[in-house]
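See below for the structure under consideration.
The values are calculated or read from the model by the stated rules, or taken from the named source; none is laboratory data. Everything numeric in this text was worked out from a predicted model, so none of it was measured. Ideal geometry is used to build each Cβ from the backbone, glycine not excepted, and the neighbour counts take in all protein chains shown.
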């Protein structure tokens, strides 16, 4: 699928009060080693992904995000059929934390919580200042294989409250954190499989 633009970035979309509510909810949850999908299996693969995560059911935030992401979906011309949002994933990348190149979209029916639906849009909300950590940059890859601009860093994610939305089939990664801690909230919007 060729897209006019593969990413929508809204710097500082959310204020500190909202970010604090997310952090408070996460502080009541238990962090665990993040899983990665490799060779048909989901499990802890620290060479591929080194982060701590917990899952949050924040209905108030889902109610805020859904219309915003629907508007982005239409405004970007993606016009994907979207029906639900997966549980939100709070992530912490400490020193050496990273997530190698991957796409969030799995084959229809292989995502256990989606009952035959497919991830269509992914989003990230940055929760802390870029000055709190070094490294940890977010990159995505999209475009012609010989294009010099094929890889794109998203420096806006170093600003707290920034929202980034992109199709789940776009390959992306988090480069290793070398100092400090990078905190994000990630989510996936699902819909019927692409035809």
Completion exercise
Given the conditions (1) farther than 15 Å from residue 185 by Cβ; (2) at pLDDT below 95, every one holds for residue 132 apart from (2)
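Could you list all residues from segment 10-31 that are assigned to a loop (DSSP other than H, G, I, E, B) and touching a strand residue (DSSP E or B) at 6+ places or on another chain (Cβ under 8 Å)? Steps first, answer last, please.
Initially, segment 10-31 is screened for residues assigned to a loop (DSSP other than H, G, I, E, B), giving 11-15, 28-31.
Hits for segment 10-31 are 13, 14, 29, 30, 31.
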Handout entry: Number of the condition not met by residue 54 [criteria: (1) over 26 Å from residue 193 (Cβ atoms); (2) surrounded by 17 or more Cβ atoms within 10 Å (Cβ to Cβ); (3) over 14 Å from the mean Cα position of the chain (by Cα); (4) modelled with pLDDT of 95 or more]
Key = (3)
Handout entry: Residues located in segment 1-31, provided they are at pLDDT below 95 and over 30 Å from residue 77 (Cβ atoms)
Key = none
Exercise for the section: Would you check if residue 183 is assigned to a strand (DSSP E or B), modelled with pLDDT of 95 or more and within 14 Å of the chain's Cα centre (by Cα)? Expected result: yes
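From the list 109, 77, 97, 143, which residue is modelled with pLDDT of 90 or more, more than 13 Å from the chain's Cα centre (by Cα) and over 21 Å from residue 32 (Cβ atoms)?
Numbers: 109 fails: modelled with pLDDT of 90 or more; 97 fails: over 21 Å from residue 32 (Cβ atoms); 143 fails: modelled with pLDDT of 90 or more.
Checking each option against the conditions leaves just 77.
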